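The values are calculated or read from the model by the stated rules, or taken from the named source; none is laboratory data. All of these numbers come straight from a predicted model, not from anything done at the bench. Don't worry about glycine lacking a Cβ; one is built from the backbone with ideal geometry, like all the others, and counts go over all protein chains shown.
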Amino acid sequence: MSTMDIHEILKYLPHRYPLLLVDKVISIEAEKNIVALKNVSINEPFFQGHFPHHPVMPGVLIVEALAQAAALLTLKTEGNTNKEDSVYYFVGIDGVRFKKPVMPGDQLILKVSIDRQIKGLWKYSARAEVDDQLVTEAKLMCTARSV
């Protein structure tokens with residue numbers, strides 16, 4: 001198992017501010033799983049409109065953070081860094097459930113494991129937690145495509 005700081009994450013993911021949603025990889029085991037972290041700050045641009053009187057991280061961004069963690073896991077498994085001639089697409093989601101809101105000041109822990117890989121399509125089980133409590137869970141599907 002290994003870790004990744006933000007400098008290494010930037011070598012793998014093409015995302016940049018404000019859509020880079022993984023701050024650190026706590027542990028990663030190629031071909032198996034990843035545990036990553038997103039620090040949720042009141043300075044996030046989406047909090048200005050979602051909702052100013054009661055800021056809540058949009059569920060779609062929690063799912064995007066999980067997909068980015070899944071991409072890191074797959075790219076690290078394949079030994080590929082960010083390439084300008086390909087993009088890692090989020091192509092499907094099943095069974096997404098939002099259990100609790102994510103607020104400014106929370107530390108979002110992203111846990112993703114590979115369920116299977118078939119002909120370039122990767123399937124994962126994913127969950128996001130805050131303070132060891134489940135906030136979101138889903139089954140994700142992603143694939144790499146040439147651009």
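Tabulated data for the structure shown
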{"quantity": "Residue identified as hydroxyl-bearing (Ser, Thr, Tyr) and within 16 Å of Ala128 (Cα to Cα) among Ser41, Ser27, Ser2", "calculated": "Ser27"}
{"quantity": "Some residue of segment 80-87 being in contact with a Pro (Cβ under 8 Å, 6 or more places away or on another chain), under 18 Å from Tyr12 (Cα atoms) and not in a loop (DSSP other than H, G, I, E, B)", "calculated": "yes"}
{"quantity": "Residues that are within 18 Å of Val60 (Cβ to Cβ), modelled with pLDDT of 95 or more and touching a helix residue (DSSP H, G or I) at 6+ places or on another chain (Cβ under 8 Å), drawn from segment 84-123", "calculated": "Ile93, Val96, Phe98, Val102, Pro104, Leu108, Leu110, Val112"}
{"quantity": "Count of residues meeting criterion [touching a strand residue (DSSP E or B) at 6+ places or on another chain (Cβ under 6 Å) and over 19 Å from Ser27 (Cα atoms)] in segment 110-132", "calculated": "5"}
{"quantity": "Qualifying residue in segment 66-78 (condition: of a type in the set (A, V, I, L, M, F, W, C), surrounded by 17 or more Cβ atoms within 10 Å (Cβ to Cβ), assigned to a strand (DSSP E or B) and modelled with pLDDT of 95 or more)", "calculated": "no"}
{"quantity": "Single condition Thr81 does not satisfy, out of (1) at pLDDT 95 or above; (2) under 17 Å from the mean Cα position of the chain (by Cα)", "calculated": "(1)"}
{"quantity": "Subset of segment 109-147 that is touching a residue at least 24 places away in the same chain (Cβ under 8 Å) and hydroxyl-bearing (Ser, Thr, Tyr) - its residue that is surrounded by the fewest Cβ atoms within 10 Å (Cβ to Cβ)", "calculated": "Ser146"}
{"quantity": "Condition check for Val102: buried (at least 17 other Cβ atoms within 10 Å of the Cβ), more than 14 Å from the chain's Cα centre (by Cα), within 17 Å of Leu21 (Cα to Cα) and touching a residue at least 60 places away in the same chain (Cβ under 8 Å)", "calculated": "yes"}
{"quantity": "Counted residues, segment 11-56 - those being touching a residue at least 60 places away in the same chain (Cβ under 8 Å) and either in a loop (DSSP other than H, G, I, E, B) or surrounded by 13 or more Cβ atoms within 10 Å (Cβ to Cβ) (or both)", "calculated": "17"}
